[in-house]
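Chemist: Okay, handing you the structure first.
The values are calculated or read from the model by the stated rules, or taken from the named source; none is laboratory data. Computed from a predicted model, the values in this text were never measured in an experiment. Positions of Cβ are backbone-derived with ideal geometry, glycine not excepted, and every protein chain shown enters the neighbour counts. Heavy atoms of the whole protein, side chains included, go into the accessibility calculation; ligands, DNA and RNA do not. Shrake-Rupley method; radii C 1.70, N 1.55, O 1.52, S 1.80 Å.
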Amino acid sequence: MLTYQMFIGGKWTSGKGTAVIEVSNPATNEIIATVPKATHQDIADAVDAADVAFKKWSKLTVFQRGEYLRKSSSIVLERAEEIAKLMTQEQGKPFKEALGEVKKGAEILRYYAEEGERVYGRIIPNAEINTESRVIYQPMGVAVSISPWNYPIELIAWKVAGALAAGCTSICKLPSETPLSPLEFIRCIQDSGVPNGVINALTGSGAEVGKIIMDNPKVKKVAFTGSTETGKIILANSVNTLKKVSLELGGSLPMIITKNADLDAAVAGATRRSFRNMGQICIAINRIYVDETVYEEFLRKFVMATEKLTIGNGLIEDVDLGPMCQQKGIEKTKSQIEDGLKKGAKLLTGGKKPDKFATSNGNYFEPSILADVTHDMLVMKEETFGPLVGVMSYKTLDEAISLANDTVYGLAAMVYSNNLSEVELLCKELHAGNVAINNPDAGVINAPYGGWKDSGFGHEHGTEGLFEYLYIKHIRVKYL
Ligand code: NAD
């Protein structure tokens, strides 16, 4: 079993306490490592170290900071395979998916190294003679990242890369289920030579570490990705110290397939985005609405494509899907299936542990499709965060739009149609921060990504993801 440490003020440390968190492999449910539980003092030490480091880091030029980020990116790429193996062992996603995520982490570091150089400011003319307004942007200070286990590195990279490029220093509160690959990612950043305290990593209970961080006035910004429930607690805890908070929260992604869609492309998109990472994606498809004239054909093809997906231990087999990260994710998926069946839905495929793993302790579950669902079923209301999708038909596009918008969430939506007027209407009418048309991916690193409604506020990715870490300063100058 491996023993991992936290990273505080440039030193690897087990911290001031003795309690640890166990990390297990979802393919076997064996414990593979422990990480320390940060104490109150460890958290204060990390904040102090980041605060001291901020004074120098923020004074570097963006080009100097960019050099560290580019070097970090190269180191991540050099170590990508070993980091990806760790991710598969703690999270469950197949090695090739984990490797893709680690490489994306490297890409994000490089992207923000460059985007940092494009923070320009403005000059605004004034009514008075010889007077002008200047707008400049300055880094806020200590920035904290809090993120979940489904994308252990990518979600941290969005936050850390934006923060460091902007001139902030960073503390990452790592996900308790998957802290190992992020610790190695953070080691890469440290090995680029950044001064001590610029990057720090804490492990421990989210509720405990989170509260202490939110109460510390030296922390100026918290970027959170996780459930809507936790996001609301973080927002409430930000009131006393008035921190800037950005919240990337839960979702319930609707996909609309019109009668003018390329059905094969829609099937490929639906299969990929419903079940990738076992549905443990904030922008996984939860609900599919299909025009009634192509409903049966879509279902037949969707079931065929889903049944071709291979499942296994992605560390030793080349498979499409691994085990789920946690057993409780399987329980939630099962409860939504039972609820749907009780209310009249049809289970077209899935719904159980694959026969191949009948005697395994791993968190395996088949990708599952519920058809003929209605909006009183849990699968259409609650975020599943598991390998389950509900499908129903619609008669008119207005009906599809109103069903798609019938949710508290507004993270992303997906549309398949080759009719320009339909696409235009759906782009405008869907209540979501991200809409993907004829493709299954609503997020790219150089365009803003954020939610509406209960999916949160603030942005990551793109220029917007950098400005989250910058104060705006207006300077009014009169030339005498
Ligand atoms: P979670 O909210 O339980 O935990 C997320 C993180 O918050 C973890 O690191 C956890 O330790 C920490 N945490 C828990 N309680 C805390 C508190 N009181 N104060 C501060 N931190 C606390 O989320 P989860 O169930 O682990 O992750 C799944 C959720 O994340 C889903 O709802 C999913 O949609 C969402 N998610 C959203 C996005 C997005 O970009 N919008 C991306 C990925 C996941």
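Chemist: For segment 421-434, give me the residue count where each residue is surrounded by 18 or more Cβ atoms within 10 Å (Cβ to Cβ) and either assigned to a loop (DSSP other than H, G, I, E, B) or touching a Leu at 6+ places or on another chain (Cβ under 9 Å) (or both).
Modeler: The number of residues fulfilling the criteria is 6.
Chemist: Next question. Mind listing whichever residues of segment 253-273 are in contact with a Leu (Cβ under 8 Å, 6 or more places away or on another chain) and not in a strand (DSSP E or B)?
Modeler: 258, 271, 273 - these are the residues of segment 253-273 that are in contact with a Leu (Cβ under 8 Å, 6 or more places away or on another chain) and not in a strand (DSSP E or B).
Chemist: Of all the residues that make up segment 282-292, how many are of a type outside the set (Val, Ile, Thr) and away from the ligand (no atom under 16 Å from the Cβ)?
Modeler: Count: 3.
Chemist: Which one is nearest to residue 372 (Cα to Cα) among residues in segment 333-351 that are in contact with an Asp or Glu (Cβ under 8 Å, 6 or more places away or on another chain) and open to solvent by 60 Å² or more (accessible area, probe 1.4 Å)?
Modeler: Just the residues of segment 333-351 that are in contact with an Asp or Glu (Cβ under 8 Å, 6 or more places away or on another chain), to begin with: 336, 343-346, 349-351.
Narrowing further to those that are open to solvent by 60 Å² or more (accessible area, probe 1.4 Å): 343, 346.
Details: 343: 10, 346: 6 Å.
Top of the filtered list is 346.
Chemist: Continuing with this model, one more query. Give the residues of segment 368-378 that are open to solvent by less than 10 Å² (accessible area, probe 1.4 Å) and in a loop (DSSP other than H, G, I, E, B), sorted by residue number.
Modeler: Across segment 368-378, the qualifying residues are 373, 377.
Chemist: Let me ask something else. Filter segment 435-455 down to the residues that are under 23 Å from residue 402 (Cβ atoms) and open to solvent by less than 30 Å² (accessible area, probe 1.4 Å) and list them by number.
Modeler: If the condition is that a residue be under 23 Å from residue 402 (Cβ atoms) and open to solvent by less than 30 Å² (accessible area, probe 1.4 Å), then 436, 442, 451, 455 are the ones that fit.
Chemist: I'd like the full set of residues that are open to solvent by 10 Å² or more (accessible area, probe 1.4 Å), in contact with a strand residue (DSSP E or B) (Cβ under 8 Å, 6 or more places away or on another chain) and within 22 Å of residue 21 (Cβ to Cβ), limited to segment 178-204. It would help to see each step written out before you state the result.
Modeler: We begin by selecting, within segment 178-204, every residue open to solvent by 10 Å² or more (accessible area, probe 1.4 Å); these are 184, 187, 190-191, 193, 195-196.
Add one more test, that the residue is in contact with a strand residue (DSSP E or B) (Cβ under 8 Å, 6 or more places away or on another chain), and what stays is 187, 190, 196.
187, 190, listed by residue number.
Chemist: Oh, and also: With respect to residue 77, is the statement that it is part of a helix (DSSP H, G or I), among the aliphatic types (A, V, I, L, M) and in contact with a Leu (Cβ under 7 Å, 6 or more places away or on another chain) true? Show your work before the answer.
Modeler: On the way: part of a helix (DSSP H, G or I): yes; among the aliphatic types (A, V, I, L, M): yes; in contact with a Leu (Cβ under 7 Å, 6 or more places away or on another chain): no.
Criteria not met by residue 77.
Chemist: What pairs can you find where one residue is in segment 96-109 and part of a helix (DSSP H, G or I), the other is among the aromatic types (Phe, Trp, Tyr), and their Cβ atoms are less than 9 Å apart, with a gap of 6+ or different chains?
Modeler: 101/151; 102/185; 104/151; 105/185; 108/158
Chemist: Let me ask you something else. Just give me the residues in segment 146-183 being in a strand (DSSP E or B) and more than 17 Å from residue 10 (Cβ to Cβ), in sequence order.
Modeler: 146, 173
Chemist: While we're here: Please verify whether residue 136 is more than 30 Å from residue 384 (Cα to Cα), assigned to a helix (DSSP H, G or I) and among the β-branched types (Val, Ile, Thr), treating the condition exactly as stated.
Modeler: Against the criterion (more than 30 Å from residue 384 (Cα to Cα), assigned to a helix (DSSP H, G or I) and among the β-branched types (Val, Ile, Thr)), residue 136 does not qualify.
Chemist: Return a yes/no flag: does segment 258-281 have any residue that is open to solvent by less than 20 Å² (accessible area, probe 1.4 Å), within 15 Å of the ligand (Cβ to nearest atom), closer than 30 Å to residue 168 by Cα and modelled with pLDDT of 95 or more.
Modeler: Scanning segment 258-281, I find at least one residue that is open to solvent by less than 20 Å² (accessible area, probe 1.4 Å), within 15 Å of the ligand (Cβ to nearest atom), closer than 30 Å to residue 168 by Cα and modelled with pLDDT of 95 or more, so the answer is yes.
Chemist: Kindly provide the set of residues from segment 110-130 that are in contact (Cβ under 8 Å) with a residue 60 or more places away in the chain, open to solvent by 10 Å² or more (accessible area, probe 1.4 Å) and part of a helix (DSSP H, G or I), ordered by number.
Modeler: Of everything in segment 110-130, those that are in contact (Cβ under 8 Å) with a residue 60 or more places away in the chain, open to solvent by 10 Å² or more (accessible area, probe 1.4 Å) and part of a helix (DSSP H, G or I) turn out to be 111, 115, 118.
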